[in-house]
Amino acid sequence: MDVAITKFKTGANSFQSLINDMLAATEAERKALAEERRRLEEERQAWETERQRVNTILNDVEQVTLNVGGLKFTTSVNTLRNAPNPSLFNAMFSGRHKLTKDEEGCYFIDRDGRHFHDILNFLRDGHFSYPGPCMPLAPDAAGSPFPGSPSFGPPVPTASDLKYLLELRAEANYYGLTGLMAAIDRFPHGLLRVARAAALNVEDSWMYEDGQDEIVFSVDKPVSLLGVGLCGTEGGLTVELELYEVDPEDFSRELATCCSAAQSFTKADGSVLRLMLPDPAALLPGKTYMLSALIKGAESYCCEECLETVIAGGVTVHFHPWESPNGTSEHRGQFPELYIRVL
């Protein structure tokens, strides 16, 4: 009997120990669950606070006044949010930052206000049109090789225009407006004309029957290609333009496609048709490039007595021997002008 009692007591003690262990584990799990619940509640409260903060910021269509370097501008929150990230204004009016108005109810931005009207106009409609529409270029002042040409060209900014554009780009960079920066880069400030044609033959017609008109060229300094000049027409035509990097030992071998553009023209566009690229294309020394234009439509004029080497703004552009499918070569045909900007 004693042995049985001893075994019972031992078993009871073991059972009690197991119960105690289970109770301790249950209590630890209860405490862990309580801590997790507390943490989740804190996160819920934080999200609720954030939601309330976002809900209490200015309505998208509500007016807001900015004091930019002492100049005041009134717009809407929706306009300021038009630019995608990393726009400074998206961050300012996200609801995640506490904004303080000055005594006159304005939000102060410590930047030069002279440029902000162009910043704001870009935010409103996404377009950049400084300094205005294309104007007729005075042939002599523009350096056109074809005096008397009635053609219209891209705007040619003055030195003060160029200074303003560079300042505006710096402001766009500060505000994180990458779209405006790209638009300024596309604008033809610092444009140089590479005039390879000494004459434009308007008596004979250049026909489009056998494919592309092409030229092969290289530069001795880094530049951006902004556009090309093509020979005008008495009717109308369409142009599909490609810029390739080609093998310097075999011009027919394309290494890369740099950019493309397309446009339609009529007689009203003048004796030189200016086709500007959607974005500047970088040209580097030591590489060889081909411009290839597939032109369809009426016959056009023809450039003659083309130079093999042209120096413009300290940049030497060399045109290599090449006979294109439709006849343009380093001596005659299409592409009387190129438009570049020194990098």
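The alpha carbons of segment 192-342 occupy a box of 39, 30, 29 Å along the principal axes, longest dimension given first. Counting neighbouring Cβ atoms within 10 Å and putting the fewest first, the residues 14, 260 line up as 14, 260. Between residue 205 and residue 234, the modelled label-to-label distance comes to 0.7 nm, taking each label 7 Å out from Cα in the direction of the beta carbon.
Computed from the coordinates by the stated procedures, all read-outs in this text should not be read as laboratory data. A quick note: this is a predicted structure, and the numbers were derived from the prediction, not measured. Counting neighbours? That spans all protein chains shown, and the Cβs are built from the backbone with ideal geometry, glycine included.
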